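Working notes for the structure below.
Values quoted throughout were computed directly from the atomic coordinates according to the rules given, and no laboratory measurement underlies them. Here the structure is a predicted model, which is why all the values come from computation and not from measurement. Counting neighbours? That spans all protein chains shown, and the Cβs are built from the backbone with ideal geometry, glycine included.
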Amino acid sequence: MSTTEERAPLGADDVAGIDELGQVFRNLKNELAKIIVGQSDVIERLAICLFARGHALLMGVPGLAKTLLISRLAETLSLEFSRIQFTPDLMPMDITGTDILQDSSSGRREFEFVKGPVFANIVLADEINRAPAKTQAAMLEAMQEHRVTVVGKTFTLDPPFFVLATQNPVEQEGTYPLPEAQLDRFMFLIEVDYPDRAEEIQIARSTTGAALPQLDHILTGEDVVRFQELVRRVPVPEHIYEFAVDLTRRSRPNSAEAPEWLKPLVGWGAGPRAVQYLILGAKARAALHGSYMVRLEDVLEVAEPVLTHRVLTTFAAESEGLRSRDIVKRLVEELSSET
């Protein structure tokens, strides 16, 4: 059965916009390749999150150029970038800002709000699991609501607003792991892995010589917002909606749709927000690759980063050496083979 979206394909302006976005994405990869060696999948997933209006959690050991990648991404997009190093003594006002007593032009002393580092377009929350819960909550409120509240006053964050948080998987002493309900606020979990041998040789050559090159500015903040609105209009066939829902429901051990092998391995599955992010991620990927309609391959490509941090394994899975990513991969393979 046809859906409304299928009966109302994109107009000429939207088609031209998708063609433009595809070229922008190619230019973005070419610019970042001047500095970042490899990591093409990471760059694509960051772009998908950005244009889908999501946020991303990056996992990787130190030294994999996560901060460099994010700062240079902001540079190519002409966006304001700020980095927050999370520490156990970091307070919410260190992120959001606070009222400071200042001398006014009239000679009186008045409180003036001084903005914190969260007031930027791209915010790197470095090692977010090192800050206590109330500081994490202030960051996550800004992510969800796109505004902050300080001393009873509400301040709106200018779009585009894109948060990239990192967690160090090596050292866990003195950390405050994000609760599962807060992990759910991140659209993607992006795992940054070691480069291969050839890439590591190239890194040694390119980063131990002259200064790193300056990157060209590809977009403005207004362009990013325009493309974000365009991504939302990409049509989705009915069977893609059904696939996203079925995949998500199969991840829940108490669901009738869950396969028998999954039930002893998963303690908690993905919620409805996963379905939303599967569709939005597929829309963004389709547009970045020049497609005027979401395809099944788009959903398959975003399934792992959307679902991995939403599928919580049991002790039985850990004893068998199975990770959430392994379970998500098997779910995707089984459902796609049935489709």
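Remarks
- At 1.306 mPa s and 10 °C, Stokes D of segment 234-339 from Kirkwood alpha-carbon radius, µm² per second: 115
- Neighbour-count order for Leu307, Leu296, fewest beta carbons within 10 angstrom listed first: Leu296, Leu307
- Computed over the chain, the per-residue total of -39500 (n - 2.57) for DSSP H runs of n ≥ 4 gives a 222 nm mean residue ellipticity of -14000 deg cm²/dmol, rounded to 500.
- GNM top mover of Ala33, Ala316, Ala303 - the chain, alpha-carbon springs below 10 Å: Ala316
- DSSP beta bridges in the chain [antiparallel fraction, %, rounded to 5]: 45
- A compact globular protein would have a Cα radius of gyration near 2.2 N^0.38 Å; the ratio found for the chain is 1.06.
- Springs join every pair of Cα atoms under 10 Å in this Gaussian network model of the chain, and among Arg226, Arg323, Arg197 the largest mean-square fluctuation is at Arg197.
- Counting other Cβ atoms within 10 Å as a rough exposure proxy, the listed residues Tyr277, Tyr241, Tyr292 run Tyr292, Tyr241, Tyr277 from fewest neighbours to most.
- Fewest-first sequence of Met91, Met59, Met143 by Cβ atoms within 10 Å of each Cβ: Met91, Met59, Met143
- Placing pseudo-labels 7 Å out from each Cα toward the beta carbon at Lys263 and Ala137 gives an inter-label distance of 3.7 nm.
- Phi angles across segment 137-145 convert, under the Karplus curve 6.51 cos²θ - 1.76 cosθ + 1.60 with θ = phi - 60°, into 3J(HN,Hα) values of 4, 4, 5, 5, 5, 4, 4, 6, 9 Hz, Gly and Pro given as x.
- Annotation: amide H-H contacts under 5 Å for Ile190 (H modelled 1.01 Å from N, sequence separation of 5 or more, or interchain): Leu57, Leu58, Met59.
- Listed values for segment 45-55 are Karplus-derived 3J(HN,Hα) couplings in whole Hz (6.51 cos²θ - 1.76 cosθ + 1.60, θ = phi - 60°), namely 5, 5, 5, 4, 4, 4, 7, 9, 6, x, 10, and x replaces Gly and Pro.
- Close amide H contacts of Arg147 (hydrogens built in the peptide plane, cut-off under 5 Å, sequence separation of 5 or more or a different chain): Leu157.
- Distance between the modelled labels on Ser71 and Val245, one decimal in nanometres: 4.6 nm (7 Å Cα→Cβ projection).
- Of Asp223, Asp19, Asp89, the one that fluctuates the most in a GNM where the chain has Cα springs shorter than 10 Å: Asp89
- Inter-probe distance in nm under a simple model that places probes 7 Å from Cα toward Cβ, at Ala181 and Glu112: 3.9
- When only Cα pairs below 8 angstrom with a gap of at least 6 residues are kept, the chain shows a relative contact order of 23 percent.
- Amide H contacts of Trp268 (H built 1.01 Å from N, under 5 Å, at least 5 apart or other chain): Leu312
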